[in-house]
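Working notes for the structure below.
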Amino acid sequence: MQRKKPLYRKVNTRTHGVRHGDGGEWRKSRNTKVVKQDLSYNGPMHSHHRHGLDYTPLFRFLLSRVGDDWDKTYSEAVARIDRSDPIFWLGARSKEERKPYVRLGESAYYNGLYIDENKRLALVDPTLTIDDMRPTCGCCSHTFNGERFTQPYDETFGGIR
Ligand SMILES: [Zn+2]
């Protein structure tokens, strides 16, 4: 048996809370349309990010269990976190909730997950790779499943395909 290490960690809210878009003059000169577009993502749906806990280890754990029995994976995960809802930030509870990718926080993206008909954890879009992901701004370091995006920020495009 593995040791039951928690699947979350406390974050330094001082650095974590750095506001997207604040800062230097060079940023102010940027296309305001792009900035506006990016801020629109910070809607009430993402308000669960006010707390100072980082569930990256949980998300990595879930991704490492794709193809495994869901009940077993769920009970193992839930024993190692303080509350169960972060599991469902990635894992769709209904067909309508299934998304190819999920955005958490300012710029962290993960594969969307669901439970397949055999009760196994599955990727909503197994064809999606990090190379498909495009940064929505030039000031944040975007990640997909915890890895840095491979595509550079492109102001003319600005967004994810
Ligand atoms: Zn940014």
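The values are calculated or read from the model by the stated rules, or taken from the named source; none is laboratory data. Worth saying up front: this structure is predicted, and the values here are computed from it rather than measured. Here the Cβ is made from the backbone with ideal geometry for all residues, glycine too, and neighbour counts use every protein chain on show.
Look through 144, 88 and report the one residue that is without any contact (Cβ under 8 Å) to a residue 60 or more places away in the chain and surrounded by 17 or more Cβ atoms within 10 Å (Cβ to Cβ).
Residue meeting the stated conditions: 144.
Picking from 134, 93, 120, which residue would you name as being surrounded by fewer than 18 Cβ atoms within 10 Å (Cβ to Cβ) and free of Cβ contacts under 8 Å to residues at least 12 places away in the same chain?
None of the other options fit; the residue is 93.
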TODO: State yes or no: is residue 105 under 18 Å from residue 58 (Cβ atoms), free of Cβ contacts under 8 Å to residues at least 60 places away in the same chain and within 15 Å of the ligand (Cβ to nearest atom)?
DONE: yes
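Residue by residue, here is whether (1) within 12 Å of the chain's Cα centre (by Cα); (2) surrounded by 12 or more Cβ atoms within 10 Å (Cβ to Cβ); (3) at pLDDT below 95 holds:
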| site | (1), (2), (3) |
| --- | --- |
| 71 | no, no, no |
| 75 | no, no, no |
| 81 | no, yes, no |
| 100 | yes, yes, no |
| 104 | yes, yes, yes |
| 115 | no, yes, no |
